[in-house]
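> Here it is, the structure, as C-alpha cells.
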Amino acid sequence: VLTLYTYFRSSAAFRVRCALNLKGIAYAPEIVWLPTDEQKSDAYRTLNPQALVPTFVDDDGTTLNQSLAIIEYLDETRPGPKLLPADPRGRARVRALSQLVACEIHPVNNLRILKYLKHVLGHDQPTIDAWYRHWIAEGLSAFERELARGGTGRFCHGDAPTMADCCLVPQIFNARRFECPLDAYPSTMRVFESAMALPAFDAAQPSKQPDAARAG
Ligand SMILES: N[C@@H](CCC(=O)N[C@@H](CS)C(=O)NCC(=O)O)C(=O)O
C-alpha cells in the first residue's frame with residue numbers, strides 16, 4: 001500500500017497530498033506528530049534520515065523524501081494529468097516557480113528555524129512573527145512578478161494545475177495562518193483561488209486531514 005508520512009500543517013506534505021489527489025492516487029496517511037518531535041525518533045529517521053516530513057513509500061517499498069522529488073517521481077511513474085509540462089521550457093518554468101516556494105520561502109520559515117530563533121537565540125514572538133512575514137513578503141512579491149512574466153493562465157503555468165500550484169497553495173495557507181497581508185499579490189491569489197476550487201486541492205488542506213482534530 002502507498003504510504004505518505006504526513007502532518008496536517010506541514011506544507012511540504014501538503015504539496016505531495018495535492019499531487020497525489022490531482023493524479024488520482026489513493027494512499028494511506030501515516031501521521032508524524034511534529035509537536036512532539038516524532039520526526040526525530042529513531043524509527044522515523046530509518047525511513048527518512050533528514051527527519052522531515054513528508055516521506056513517501058511506494059507499493060514496491062521505494063522510499064523517497066523531499067516533496068519536489070516525490071512529486072516528480074509520481075508524475076513520471078503514474079498515469080493521470082501531467083504535473084510538469086512536456087516542453088523543456090515549460091518544465092523549467094514550473095520547476096523554477098516550485099523552487100521559489102520550496103527553496104527560497106519555505107526553508108527560512110520552517111519549524112526548526114522558528115524554534116531556533118526562539119529557544120536558542122532568545123527572540124520574542126513579535127520578532128519571530130516579523131521574521132516570518134518579512135520572508136513571505138519577499139518571496140510572494142517575487143512570485144507575483146514571475147507570474148506577470150508570461151506563461152501564466154488560470155494556474156501558475158497555463159490552464160491546468162502543475163507542481164507549481166502544489167507548492168503555492170500550501171504557502172498561502174501558511175501565510176494566512178501567520179496573518180501576512182496578501183493584497184499586493186492579486187495574480188498569485190487568483191491562481192490560489194482557481195486551485196482551491198478543485199477538489200484535489202481542497203481535500204489536501206490541513207483542516208481536512210485526519211490528524212487535524214488531534215491538534216484541538
Ligand atoms: N525541503 C523539504 C522540506 C521538508 C520540511 O521542512 N518539512 C517540515 C514540515 S513542512 C518538517 O518536517 N519540519 C520538522 C522540523 O522542522 O523539525 C521538502 O520539500 O520535503
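The values are calculated or read from the model by the stated rules, or taken from the named source; none is laboratory data. Worth saying up front: this structure is predicted, and the values here are computed from it rather than measured. Glycine also receives a Cβ, built like all others from the backbone with ideal geometry; neighbour counts cover every protein chain displayed. The accessibility values were calculated without ligands, DNA or RNA, using every heavy atom of the protein model including side chains. Shrake-Rupley method; radii C 1.70, N 1.55, O 1.52, S 1.80 Å.
> Within segment 50-67, can you find the residues that are more than 7 Å from the ligand (Cβ to nearest atom), in a loop (DSSP other than H, G, I, E, B) and under 16 Å from Ala12 (Cα atoms)?
Selection gives Gln50 alone.
> Under the condition of being in contact with a helix residue (DSSP H, G or I) (Cβ under 7 Å, 6 or more places away or on another chain) and among the hydroxyl-bearing types (Ser, Thr, Tyr), which residue from segment 25-77 is surrounded by the most Cβ atoms within 10 Å (Cβ to Cβ)?
Checked segment 25-77; the qualifying residue surrounded by the most Cβ atoms within 10 Å (Cβ to Cβ) is Ser67.
> Let me ask something else. Give the number of residues within segment 194-210 that are under 23 Å from Tyr7 (Cα atoms) and part of a helix (DSSP H, G or I).
Qualifying residue count, segment 194-210: 9.
> I need the full set of residues from segment 1-24 which are more than 16 Å from Gly61 (Cα to Cα), in a loop (DSSP other than H, G, I, E, B) and either open to solvent by less than 40 Å² (accessible area, probe 1.4 Å) or touching an Asp or Glu at 6+ places or on another chain (Cβ under 8 Å) (or both), in order please.
Tyr7, Phe8, Ser10, Lys23
> Restricting attention to segment 131-140, does a residue exist that is within 21 Å of Asn48 (Cβ to Cβ), among the aromatic types (Phe, Trp, Tyr) and open to solvent by 40 Å² or more (accessible area, probe 1.4 Å)?
no
> Given the conditions (1) more than 17 Å from the chain's Cα centre (by Cα); (2) more than 25 Å from Leu198 (Cα to Cα); (3) away from the ligand (no atom under 11 Å from the Cβ), which single one is not true for Thr152?
For Thr152, the exception is condition (2).
> Taking Arg145, is it among the basic types (Lys, Arg), touching a Lys or Arg at 6+ places or on another chain (Cβ under 9 Å) and open to solvent by 50 Å² or more (accessible area, probe 1.4 Å)?
The answer is no for Arg145.
> Anything in segment 171-216 that is open to solvent by 90 Å² or more (accessible area, probe 1.4 Å) and either closer than 21 Å to Thr152 by Cβ or of a type in the set (Ser, Thr, Tyr) (or both)? List them, or say none.
If the condition is that a residue be open to solvent by 90 Å² or more (accessible area, probe 1.4 Å) and either closer than 21 Å to Thr152 by Cβ or of a type in the set (Ser, Thr, Tyr) (or both), then Asp183, Arg190, Glu193 are the ones that fit.
> Related question: Any chance you could count how many residues in segment 85-133 are within 16 Å of the ligand (Cβ to nearest atom), in contact with a helix residue (DSSP H, G or I) (Cβ under 7 Å, 6 or more places away or on another chain) and either free of Cβ contacts under 8 Å to residues at least 12 places away in the same chain or not in a helix (DSSP H, G or I) (or both)?
So the count comes out to 2.
> Out of all the residues in segment 165-172, is one or more modelled with pLDDT under 95, under 25 Å from Ala200 (Cα atoms) and within 18 Å of the chain's Cα centre (by Cα)?
no
> Of all the residues that make up segment 1-49, how many are within 8 Å of the ligand (Cβ to nearest atom), among the basic types (Lys, Arg) and under 27 Å from Ser194 (Cβ atoms)?
2
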